[in-house]
Amino acid sequence: MPASCPSGLDIGFATLSYLQVAFLGVVQGITELLPISSTAHMRIVPAVLGWKDPGSAFSAAMQLAALMAVVSYFWRDVREVVFGSVSAVSRRDFNDRSFRLAVAIILATIPIVVGGLALAPILNACDSPLRSLNVIGASCLVMAVLLAAAELSCKHRRSVGEMRLRDALVVGIAQVGALIPGVSRSGSTLTAALFMNFKREEAARFSFLLGLPAIAGAGLKELLTLHHAHIPAEAWSLLLFGIAVASVSAFVAIWGLMRFLERFSTWPFVAYRAGLGIFLLVGVNMGLLH
């Protein structure tokens with residue numbers, strides 16, 4: 001079995017240099033929190049540059065960078081949800097806003113936990129068919145169409161404070177789609193929230209808060225999987241270095257996206273995703289990308 005694939009686990013990142021991992025860390029940090037799919041870019045960038053695919057384990061573990069960025073940027077919201085809901089339970093005030101939001105996040109996380117456990121053997125396998133550039137290209141095009149439809153149909157009136165459990169479940173089910181490379185976790189949840197008529201910046205805010213349990217779970221699970229695979233110390237060093245770089249770029253990405261959505265629509269992301277999907281499908285089928 002190849003050194004980059006111990007026990008069937010793809011750890012292609014272990015063959016890369018620190019400079020390459022730093023570059024991928026910047027790309028991962030930015031694309032993880034923008035609605036353009038970090039997994040897609042983790043496949044596209046190495047393919048275009050002729051590097052080894054870093055593997056799904058790298059992408060999943062690197063989500064811990066996004067976790068740190070979201071918690072630090074939305075610390076007030078996170079603190080309110082955690083401590084506010086605990087206080088509400090102690091008071092038996094189950095109509096408390098913080099408690100209801102906490103329940104909504106938990107409810108919306110259940111679908112991706114079930115889906116993630118079911119698809120883990122396929123997603124983490126070496127040369128997983130779901131990580132093919134054709135699949136990613138098609139996913140980008142589908143999400144471009146859905147995000148465009150959301151922009152055309154939504155009213156942009158609601159805030160996170162108006163979140164109902166039904167809304168949360170719909171967004172949570174949409175989050176399952178992010179298990180398919182190219183869909184994007186932030187893209188799928190943002191699109192679903194827009195269909196529920198949330199304001200763009202409020203849809204993004206809920207998308208980030210909703211993603212915390214899923215991101216933390218996926219990242220920590222991947223670290224445990226890598227630990228059990230007994231990967232070399234150098235691979236751990238590369239991974240931790242990449243997470244550090246990605247956490248900084250992820251924070252910048254959140255800051256930029258929130259300010260962008262306060263003033264503009266998501267049409268630039270629609271155009272980018274459509275162009276990316278076409279580029280991938282044409283490139284692969286013409287033999288320009290492998």
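Coordinate-derived values only; no laboratory data. This structure is a prediction, so every number in the text was calculated from the model and none was measured. No Cβ is skipped: glycine too gets one built from the backbone with ideal geometry, and neighbour counts run over all protein chains shown.
Cβ neighbours within 10 Å, averaged per peptide: list 145-158, 186-199, 87-100 in order, most packed at the top.
186-199, 145-158, 87-100
Among 252-260, 237-245, 133-141, the peptide with the highest mean count of other Cβ atoms within 10 Å heads the list, and the full ranking is 133-141, 237-245, 252-260.
Compute the angle between helix 200-228 and the longest alpha-carbon principal axis of the chain, please, reported from 0 to 90 degrees and rounded to the nearest 10. Helix 200-228 and the main axis of the chain meet at about 40 degrees. Apply the a/c threshold of 1.5 to the C-alpha gyration tensor of the stretch 196-290 and tell me whether it is rounded, prolate or oblate. Oblate, since a/c reaches 1.5 and b/c is not below a/b. Here Phe94 and Tyr18 are evaluated by their C-beta separation; at R0 = 45 Å the FRET efficiency comes out at 0.35.
Distance from the Cα centroid of the stretch 217-290 to that of the stretch 115-159 is 13 Å (rounded to whole angstrom). In this structure, the amide hydrogen of Arg158, modeled 1.01 Å from its nitrogen in the peptide plane, lies closer than 5 angstrom to those of Phe198, Lys199, counting only residues at least 5 positions away or on a different chain. Other residues with beta-carbon under 10 Å from the beta-carbon of Gly161 carry, at +1 per Lys or Arg and -1 per Asp or Glu, a net charge of +1.
List the lysines whose Cα lies under 24 Å from the Cα of Lys155, skipping any in the same chain that are fewer than 8 positions away. Cross-link targets: Lys199.
So how strong a dipole does the chain carry about its Cα centre when Lys and Arg Cβ are +1 and Asp and Glu Cβ are -1, to the nearest 20 debye?
It comes to approximately 800 debye.
So what is the relative contact order for the chain, in percent, with contacts set as C-alpha pairs under 8 Å and at least six apart?
34 percent
Across the stretch 66-81, rounded Karplus estimates of 3J(HN,Hα) from the backbone phi angles (6.51 cos²θ - 1.76 cosθ + 1.60, θ = phi - 60°) give 5, 4, 5, 5, 5, 4, 5, 6, 9, 4, 4, 5, 4, 4, 5, 5 Hz, Gly and Pro being marked x. Taking a point 7 angstrom from the Cα of His228 along the C-beta vector, which residues in the stretch 200-219 have backbone N less than 17 Å away? Counting backbone N atoms under 17 Å from the label point, the list is 217-219.
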